[in-house]
Amino acid sequence: MTEKFASSNGISCPVPLPAGDKILLGHGSGGRLSAELLQQLFLPAFTNSTLQRLDDQAVIPIAGARLAFTTDSFVVKPLFFPGGDIGSLAVYGTVNDLAMGGAKPLCLSVAFILEEGLPMETLQRVVWSCRQAAAAVGVEIVTGDTKVVEKGSCDGIFINTSGIGVVPEGVKLSSDQAKPGDRILLSGPIGEHGIAILAQREGLEFDGAVKSDSAPLHELVAAMLNFAPGIRCMRDPTRGGLSSACNEIAGRSQAGMMLEERAIPLREEVHGACELLGLDPLYVANEGKLIAIVEPGVAEQVLAAMREHTLGREAQIIGTVIDRHPGQVFLRTRLGTTRIVDMLAGDQLPRIC
Amino acid sequence: MKYLDEYRDERIVHSLVARIRAIAKRPWVLMEICGGQTHTIMRYGLDELLAGKVELVHGPGCPVCVTPVETIDKAIELALRPDTVLVSYGDMLRVPGSHTDLFHAKANGADVRVVYSPMDALKIARANPEKSVIFLAIGFETTAPANAMTAWQAKREGLTNFFLLVSHVLVPPAIQLLLRSRENRVQGFIAPGHVCTVVGYRQYEQLTADFRVPIVVGGFEPVDILEAILMLVTQLEEGAAKVENQYVRSVSQAGNMPAQEMMERVFEVSDQKWRGIGMIPQSGLRLRPEFAAHDAGRLSSIAAMCVEEPAECISAQVLQGLKKPTECPAFGKRCTPEKPLGAPMVSPEGACAAYFTYRRHGVVTFHD
Amino acid sequence: MCLAIPGKILSTHLENGVRTGRVQFGGIVRSACLDYVPEANPGDYVMVHVGFAISRVDAAEAERTYQVLESMGVLEAELADPNDPGPGETR
């Protein structure tokens with residue numbers, strides 16, 4: 001691929017331009033286009049070994065401890081949906097990114113970008129929701145920022161949260177550690193968040209019993225970490241769904257994966273909505289679920305520990321890491337045949353997280 | 001889900017496969033016409049289960065794939081006009097026009113919206129009286145009653161700001177074209193179950209009589225498709241050539257009369273260009289003159305464009321079942337769902353997209 | 001695109017002069033136009049395509065044909081061809 005370099009005022013900036021001249025919605029969807037943007041623009045621009053790992057959080061050694069640091073932005077539309085709102089999502093989302101690194105969350109920052117004309121009452125509801133969520137997790141929001149942009153420049157509210165946590169001794173989770181034979185564990189039914197959002201979307205309304213599964217996973221993770229050296233990595237399958245999370249780990253670990261369709265829990269309502277809309281639940285976003293790659297010797301114990309916890313009651317072992325076809329994820333269908341689970345190009349459902 | 005999940009039953013699937021394999025004394029070549037059926041076959045690996053006994057060739061039953069490039073270009077041109085909302089079914093958004101697609105048009109500022117149902121497009125028109133709301137009305141006969149009702153409602157309500165850009169295709173003329181081709185290898189057809197739900201299957205009786213090929217109307221779940229294949233293979237082994245109906249829970253010989261009546265009121269048969277295939281006479285539908293006021297095709301100066309497909313794209317051969325997607329040199333390399341050269345790679349029901357999504361470079365078999 | 005899904009009619013009403021139903025698909029409910037299935041009533045299942053019911057599921061017919069399919073499993077063993085290598089071993 002020939003590289004074109006961005007230039008400004010005749011000074012050449014050594015940042016290569018990704019193919020295509022405009023940002024598309026697909027670039028934010030967590031699928032293939034997002035991955036390309038990372039590889040082609042952001043990584044070359046910000047080269048360092050921590051970033052290269054591309055985990056949900058950065059783990060930085062400081063004064064003998066290991067600090068986890070993460071950031072996430074929330075642009076979900078609509079702002080309020082069954083099971084949550086942009087405020088609670090923003091808190092839980094960042095707490096979960098920290099938790100995926102095994103970190104106990106310590107504190108968060110919250111930065112608001114508000115649209116001129118936003119009703120104060122809406123902002124109050126969202127802020128209150130952030131407060132409730134932070135209290136539920138036991139973290140403090142220690143710093144923040146507010147900006148207001150002209151009407152039309154953002155959709156009501158955008159929120160960025162960044163978080164710091166501490167990774168306990170002996171916990172070393174990273175998505176490049178999956179090994180053949182490892183078991184793939186999933187904490188519960190998939191697709192609830194994405195469908196809950198879709199149900200509110202213009203042109204696609206339906207009455208649902210589907211609520212977003214948005215929830216903080218740090219306590220579930222803490223329970224699982226009792227088996228720490230046996231847990232290779234964890235990932236929360238948000239945008240791009242279970243497929244993206246598995247593909248990312250398979251890619252980073254250069255291992256293959258075989259998922260079992262019959263083992264993947266799915267609620268009847270999500271099943272119905274996906275059938276109606278022609279969606280594959282493997283690609284639909286989740287906000288209160290995690291996958292864990294676990295050494296086979298402790299997989300059953302980890303599963304049992306998960307099921308003791310409210311957020312892991314329906315946990316299942318859904319597959320195995322295999323030694324063939326590195327980087328590729330497969331699904332054994334309920335009929336016993338095999339298909340690949342490809343990375344989504346970009347999704348057609350904007351603003352679900 | 002009732003009437004759905006039980007047609008994915010593993011035991012029944014395997015017993016049907018065993019029966020097909022037992023009955024077929026020689027290999028047969030069958031075509032499933034509808035893209036939805038292709039999708040099921042690929043997603044569940046039904047072709048793998050029948051390997052050596054039945055070869056499944058994929059047909060042109062993907063309305064997204066066969067929508068002419070000119071229609072996409074017109075839709076994009078209209079979408080970019082001020083005070084215009086272009087409303088479409090989701091799968092049309094990434095289909096390449098001659099230069100770009102609706103998704104990119106949206107990135108360039110066009111107001112493009114996705115709906116699940118054309119009635120939702122009417123809602124947008126009612127809510128935005130100052131804008132022209134144009135609905136990209138594509139599909140086979142399955143979708144024609146829905147699009148027809150939408151046009152009918154718009155006229156009844158006097159929604160002067162609502163228009164339809166129509167590109168409808170009919171299945172039987174395409175099958176006839178395939179059967180007439182000297183390169184045709186297909187010995188039996190699975191007819192599209194939802195098209196036949198609407199229009200019945202009388203039209204296929206003429207085809208079986210003229211060409212002596214068995215046709216079975218099939219549903220969309222693994223059990224449906226396999227049962228239809230069993231019925232076809234049974235006929236072929238007996239030397240029979242008649243129309244049968246597997247999808248009895250939804251299809252009757254006469255089809256859905258109220259739906260056909262509405263189609264008749266709103267549409268008339270016309271010549272239609274099929275992307276990748278060319279002009280097929282009397283194979284499309286257009287709005288009747290009484291609906292001219294809602295016909296986006298008549299909206300000022302959309303010049304007739306002469307469009308050429310990228311030379312590498314072999315969608316013509318794929319849509320006619322002459323080549324498999326994996327036999328295309330560009331497949332998976334220069335042509336992928338993100339950067340498609342042709343429509344069958346973009347539509348979720350296109351054969352190329354199905355292969356790419358579920359197979360990539362070939363059949364994957366695992367023996368543990 | 002020819003995606004039609006079976007759903008159960010929960011209730012019917014008129015919307016903008018069009019006979020409309022609240023239809024349940026495995027736990028979610030969406031409205032669908034019922035003008036093309038005048039014979040369908042609450043409790044019936046219909047096939048719904050882009051928000052329009054295009055057929056009423058013939059429950060009796062479905063039941064009858066499904067029984068035949070289920071009983072096939074019993075005969076499978078009898079018909080198996082000992083010379084057929086079966087699927088999955090031919091590549």
message: Given axes a ≥ b ≥ c from the Cα gyration tensor, I'd like to know whether the range A:183-340 is rounded (a/c under 1.5), prolate (a/b larger than b/c) or oblate.
response: oblate
query: At what distance in nm do the modelled label points of B:E183 and B:R156 sit from each other, each positioned 7 Å from its Cα along Cα→Cβ?
result: 4.7
statement: Using alpha carbon centers only, the range A:265-317 is separated from the range A:36-51 by a whole-angstrom value of 31
query: Could you give the nm distance between label points at C:E15 and A:A263, where each point is 7 Å from its Cα heading toward the beta carbon?
result: 4.2
- prompt: For the range B:1-114, what is the per residue volume of the convex hull drawn over the alpha-carbon atoms, in cubic angstrom?
  reply: 133
query: Hey, with R₀ at 35 Å, roughly what FRET efficiency would B:R81 and A:F80 work out to, going by the Cβ-Cβ distance, to 0.05?
result: 0.55
query: Classify chain A: rounded, prolate or oblate, from the alpha-carbon gyration tensor (a ≥ b ≥ c, eigenvalue square roots; a/c under 1.5 rounded; otherwise prolate if a/b is larger than b/c)?
result: rounded
query: If all Cα-Cα distances of chain B are sorted into 20 Å bins from 0 onward, what percent lands in each bin, rounded to whole numbers?
result: 29, 57, 14, 0
message: Cut-off 13 Å, label point 7 angstrom out along Cα-to-Cβ of B:Q317: give me the residues of the range B:255-282 whose amide nitrogen falls inside.
response: none
statement: With a Förster distance of 22 angstrom and the Cβ-Cβ distance between A:T122 and A:K151, calculated FRET efficiency to the nearest 0.05 equals 0.95
field: Rounded FRET efficiency, nearest 0.05, which uses the C-beta distance separating C:S71 from B:N108 and R0 of 45 Å
entry: 0.15
- request: May I ask you to evaluate 6.51 cos²θ - 1.76 cosθ + 1.60, the Karplus curve with θ = phi - 60°, for each residue of the range C:57-66 and list the ³J(HN,Hα) values in order in whole Hz, giving x for glycine and proline?
  value: 5, 7, 4, 5, 4, 4, 4, 4, 5, 5
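If you average over every viewing direction, what projected area does the convex hull of the Cα atoms of the protein assembly as shown give, in nm²?
Averaging across all directions leaves 35.5 nm² for the Cα convex hull.
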- request: Could you work out how far the C-alpha centroid of the range B:87-117 sits from that of the range A:88-134, in angstrom?
  value: 33
task: First check a/c for the range B:218-330, with a ≥ b ≥ c the square roots of the eigenvalues of its C-alpha gyration tensor; if it is under 1.5, answer rounded, and if not, answer prolate when a/b is larger than b/c or oblate otherwise.
output: oblate
message: Whole-Hz ³J(HN,Hα) for each residue in the range B:13-23, computed from phi via Karplus 6.51 cos²θ - 1.76 cosθ + 1.60 with θ = phi - 60°, x for glycine and proline: what do you get?
response: 4, 5, 6, 5, 4, 4, 5, 4, 5, 6, 7
- request: Could you tell me how many degrees, from 0 to 90 and to the nearest 10, lie between the Cα long axis of helix B:69-79 and the main elongation axis, the longest principal axis, of the Cα atoms of chain B?
  value: 40
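Helix-only mean residue ellipticity at 222 nm, chain B, DSSP H runs n ≥ 4 weighted -39,500 (n - 2.57), per residue, nearest 500. What is it? Could the numbers behind the result be given before it?
Details: 15 runs with 140 residues, N = 368.
When only DSSP H runs of four or more count, the value is -11000 deg cm²/dmol.
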query: B:I33's amide H: which non-local residues (gap 5+, or another chain) put their own amide H closer than 5 Å, with H modeled 1.01 Å from N in plane and none for Pro or chain starts?
result: B:I190
- prompt: Counting Lys and Arg as +1 and Asp and Glu as -1, what is the net charge of the other residues whose Cβ lies under 13 Å from the Cβ of B:V223?
  reply: -3
query: Once the piece of chain linking B:R126 and B:A292 is laid out straight, how much longer is it, given 0.36 nm per residue of separation minus the C-alpha distance between them?
result: 57.8 nm
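Over all directions, the average projected area of the alpha-carbon convex hull for the range C:17-77 comes to how many nm²?
5.5
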task: Find the relative contact order for chain B and round it to a whole percent, using C-alpha pairs within less than 8 Å whose residues are 6+ positions apart.
output: 22
Pair B:Q282, A:I60: separation of 7 Å Cα→Cβ label points (nm): 7.5
- line: Per residue of C:52-64, other chain Cβ atoms within 10 Å number on average 6
task: Measure out, as a whole number of angstrom, how far apart the alpha-carbon centroids of the range B:129-155 and the range B:270-285 sit.
output: 20
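Taken together, the values in this text are just the output of simple stated rules run on the coordinates, not laboratory data. No experiment lies behind these values; they were computed from the predicted model shown. For neighbour counting, all protein chains shown are included, and Cβ atoms are generated from backbone atoms with ideal geometry for every residue, glycine included.
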